[in-house]
Amino acid sequence: MSRALPKYNKRRVGFIGGAAAVALTGAVIAGTALAGESAGDGGDAKDARTLAGPGTISCPDVAPELPAIPASAQAEVERNLGELDKQIAEANKRLVDTVGQGGPNFVQNAILGPLEDKRVAVVNRIATAIGRTAERPAGLDSLAACTLTK
């Protein structure tokens, strides 16, 4: 037998043991950091921000503001009106999912701003669909802005 074999085994055991110690230390640090988020509140696990609801997003209704819709544009307009409703539902879900994230302007910058941009595009598609066979409605862009209601 070679004399190097016992040294090799000692190094391998030492290396595996060191790697295990590093992994265990990382797990302990991560567990401590996560446990520390609710540890100092006397057993009350609820954060003050989660006690109040995040609110809902309220947008103006576009359908009542539309002029008479030509039959040739009816299907496209209905599809786009459905898209507006879907966008509001998605924004409300995102609002609930991101409670407590970001700074003071988070909702405006991350939810309401992009929602308004999407609504402007859909409202323009509606106006274009109507404008193909009738007079294009004006001023619909003012219906794109949404607000947060609590």
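The values are calculated or read from the model by the stated rules, or taken from the named source; none is laboratory data. Here the structure is a predicted model, which is why all the values come from computation and not from measurement. Backbone-built Cβ (ideal geometry, glycine too); neighbour counts: all protein chains shown. SASA here: full protein model, heavy atoms, side chains in, ligands and nucleic acids out. Shrake-Rupley method; radii C 1.70, N 1.55, O 1.52, S 1.80 Å.
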Worksheet item: Name the residues in region 58-99 that are more than 28 Å from residue 128 (Cβ to Cβ) and either open to solvent by 50 Å² or more (accessible area, probe 1.4 Å) or in contact with a Cys (Cβ under 9 Å, 6 or more places away or on another chain) (or both), would you?
Response: 93, 96, 97, 99
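Can you confirm whether residue 102 is over 15 Å from residue 146 (Cβ atoms), open to solvent by less than 40 Å² (accessible area, probe 1.4 Å) and free of Cβ contacts under 8 Å to residues at least 24 places away in the same chain? Steps first, answer last, please.
Working: over 15 Å from residue 146 (Cβ atoms): yes; open to solvent by less than 40 Å² (accessible area, probe 1.4 Å): no; free of Cβ contacts under 8 Å to residues at least 24 places away in the same chain: yes.
In short, no.
Those residues that are of a type outside the set (A, V, I, L, M), open to solvent by less than 50 Å² (accessible area, probe 1.4 Å) and either within 18 Å of residue 59 (Cα to Cα) or touching a Leu at 6+ places or on another chain (Cβ under 9 Å) (or both), I need them from region 115-145; list them, please. Even if it seems obvious, please write down each step before you answer.
In the first step, residues of region 115-145 are kept if they are of a type outside the set (A, V, I, L, M); the result is 116-119, 124-125, 128, 131-133, 135-137, 139, 141-142.
Then drop every residue that is not open to solvent by less than 50 Å² (accessible area, probe 1.4 Å), which leaves 119, 131, 137.
If the condition is that a residue be of a type outside the set (A, V, I, L, M), open to solvent by less than 50 Å² (accessible area, probe 1.4 Å) and either within 18 Å of residue 59 (Cα to Cα) or touching a Leu at 6+ places or on another chain (Cβ under 9 Å) (or both), then 119, 137 are the ones that fit.
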Discussion item. All but one of (1) under 12 Å from residue 57 (Cα atoms); (2) part of a loop (DSSP other than H, G, I, E, B) hold for residue 148; state the number of the condition that does not hold.
Written reply: (2)
